[in-house]
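Notes to accompany the following structure.
The values are calculated or read from the model by the stated rules, or taken from the named source; none is laboratory data. Computed from a prediction, not measured in an experiment: that's the story for all the values here. Please note: Cβ atoms are built from the backbone with ideal geometry, for glycine as well, and neighbour counts cover all protein chains shown.
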């Protein structure tokens, strides 16, 4: 044995040829700080090993290396001096691999991402099996490759291809990697180790010029000035268009490549180190790393629920067709759970089937769905007018009109049809699950299952636990949501649950400015362009439906009579009274139509200004617009955590990211709050406290600030 560590072992596989194998104790290999230390130690041993003729780098697991240990990042990056030292030292470990005095071959299977890809790039040759996926996804964490990726990849596959890989963070299948020269060969999985060893032998025997293969990675980039300039100018334009100003990582990646292009390896590495360090200190990096960690926490919690489930959902029923019901039925059927779609009107069933067919047709047109799959999915949806058709399903998702009396009646009726063991759920967006359960004989078998529209695109499903909902019901419904490819987040019951409850104060903050005569178009521009929402509050209201939003204010007022009191003179109420319902009937805050080419249009309507009494072009300072919209939302999400509606700051952040499109570079409402600083946020909120209860922070938040605590250090803010 040449070397034996906790995660790496090195031994001769044949006389003269060593195998450096990654073999971490966990389910995957990753470059945590301890593994990087071992990697350096193992390479030092190899450097000093006599009679060494070649080295192959392998993994004992089904995947190669998934990258760095992201769980270490936020703590590490909080110490600037430690971060600089770490990235400089860590990146030079890969130089040790590249500098071994013998040919090296990386043997990749499964995922080789981030640091895993960079380890391969430090090898002279790379052999992949057919399962391999290779990429540098660091930009998705607000970072760039930090172990030499921006230096080596352009020299291996050319600057054009390298910039595309690095600035998009895309994963690449083996065939695509081979086309651009990122790998040298593809073999069947059972032949991978043998193929890597044979290539090392051929290189050692002089049949392959491994020194010539290595040399370009040690030198300045081989590209003339004109070619390099054109590549960089083109890339800058594409990055500016796609990443914009809120995501600095792609811009820094280009900067690192540009600054290192005319440098030898050490100079290029320094350019990368500097750019990487700069990014670690940005809010965007902190937010995007936070999202990754929160997502892992949410997924882990969901898996625990699902693992505890004793009832498997094999068939589903959907009550209420139309667009939402059709979307739910499609999602279920497309994931292998046949769905019975029941309604009282044939035209609603037709609309539901049309919605499912439209989604599938788009998939076929884009080459993502085969005709056979389309036929199979559609045949797995059974439209019906008969209650008896759902009597044998394992779960029913009620998706009828958002009216407590109607829902209560429908749920009670269908409970008498389904089996005692079947689970009943409601897709209500605001109505209390505990109140709806009062209509039922088996409330323990009932919970909320709130999908977001469009169902096939929106990843979040809120699972709402009523007062009498059993753990087994929650477990089974979470397992079903996972089977549908969704991210389920379990919340406790209250009007609006989590997502819609925190949305209404946000919209109220917006409406307050409109009531003061401020132009809604200007507010939308600030919240979209500067804060980063995919839609401003006026546009979002139109998409949700003005009538829907107005109706929900009644429910929210019942639950929170002082904080969310319904204002019949507010913008939403006025538009609803004027039957301006938004996109659904072509007019709301904006008017909607199509241009000569058939593309959708959205324009401000003079009639809206007249109706609302606001002034076209009247603006507030951008910071004030952001404050007046965001303070109420953040305050409400803090209340939800304090009241045990949501289990953790991480779950709240992911719910708003997946359910509302909260700007990822801000990381979610709690990450945004802590980026601003809890003390600073309180001072800002106090400035607007006179505007009403939604602007007034909780005592719990003041206590958090006084104690210097983080919402991410505890599951409750009590």
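So the values come out like this:
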read-out: Filter result for the condition that a residue is farther than 21 Å from residue 337 by Cα and without any contact (Cβ under 8 Å) to a residue 24 or more places away in the chain, over 405, 361; value: 405
read-out: Residue in the stretch 610-629 that is surrounded by the fewest Cβ atoms within 10 Å (Cβ to Cβ), counting only those that are assigned to a helix (DSSP H, G or I) and touching a residue at least 40 places away in the same chain (Cβ under 8 Å); value: 622
read-out: Residue in the stretch 532-555 that is assigned by TED's automatic domain parsing to the domain that holds residue 430, free of Cβ contacts under 8 Å to residues at least 40 places away in the same chain, surrounded by 21 or more Cβ atoms within 10 Å (Cβ to Cβ) and in a loop (DSSP other than H, G, I, E, B) present; value: no
read-out: Test: residue in the stretch 275-295 that is over 24 Å from the mean Cα position of the chain (by Cα), in the same structural domain as residue 99 (by TED's automatic domain parsing), on the phi < 0 side of the Ramachandran plot and free of Cβ contacts under 8 Å to residues at least 40 places away in the same chain; value: no
read-out: Hits in the stretch 240-268 (condition: farther than 26 Å from residue 672 by Cβ and without any contact (Cβ under 8 Å) to a residue 24 or more places away in the chain); value: 255, 259, 266, 267
read-out: Residue list for the stretch 217-228, filter: surrounded by 12 or more Cβ atoms within 10 Å (Cβ to Cβ) and either within 16 Å of residue 97 (Cβ to Cβ) or over 39 Å from the mean Cα position of the chain (by Cα) (or both); value: 217, 218
read-out: Per-region count, the stretch 67-101, residues closer than 21 Å to residue 296 by Cα and surrounded by 20 or more Cβ atoms within 10 Å (Cβ to Cβ); value: 4
read-out: Residue list for the stretch 368-410, filter: within 14 Å of residue 431 (Cα to Cα), part of a strand (DSSP E or B) and more than 35 Å from the chain's Cα centre (by Cα); value: none
read-out: Total residues in the stretch 125-138, condition surrounded by 24 or more Cβ atoms within 10 Å (Cβ to Cβ) and out of contact with any strand residue (DSSP E or B) (no Cβ under 8 Å at 6 or more places or on another chain); value: 1
read-out: Residues within the stretch 487-527 that are on the phi > 0 side of the Ramachandran plot and out of contact with any helix residue (DSSP H, G or I) (no Cβ under 9 Å at 6 or more places or on another chain), tallied; value: 0
read-out: Filter result (in contact (Cβ under 8 Å) with a residue 40 or more places away in the chain, more than 21 Å from residue 352 (Cβ to Cβ) and either surrounded by fewer than 20 Cβ atoms within 10 Å (Cβ to Cβ) or not assigned by TED's automatic domain parsing to the domain that holds residue 388 (or both)) within the stretch 419-465; value: 421, 434, 459
read-out: Per-region count, the stretch 31-66, residues within 18 Å of residue 191 (Cα to Cα) and either surrounded by fewer than 18 Cβ atoms within 10 Å (Cβ to Cβ) or over 34 Å from the mean Cα position of the chain (by Cα) (or both); value: 4
read-out: Enumerated helices (runs of 4 or more DSSP H) restricted to the stretch 46-124, each holding at least 1 residues that are touching a strand residue (DSSP E or B) at 6+ places or on another chain (Cβ under 9 Å), touching a residue at least 40 places away in the same chain (Cβ under 8 Å) and farther than 17 Å from residue 193 by Cα; value: 80-98, 115-121
read-out: Test for residue 522: is it within 23 Å of the chain's Cα centre (by Cα), in contact (Cβ under 8 Å) with a residue 12 or more places away in the chain, under 30 Å from residue 695 (Cα atoms) and outside the structural domain of residue 409 (by TED's automatic domain parsing); value: no
read-out: Residue within the stretch 148-169 that is surrounded by fewer than 24 Cβ atoms within 10 Å (Cβ to Cβ) and over 31 Å from the mean Cα position of the chain (by Cα) present; value: yes
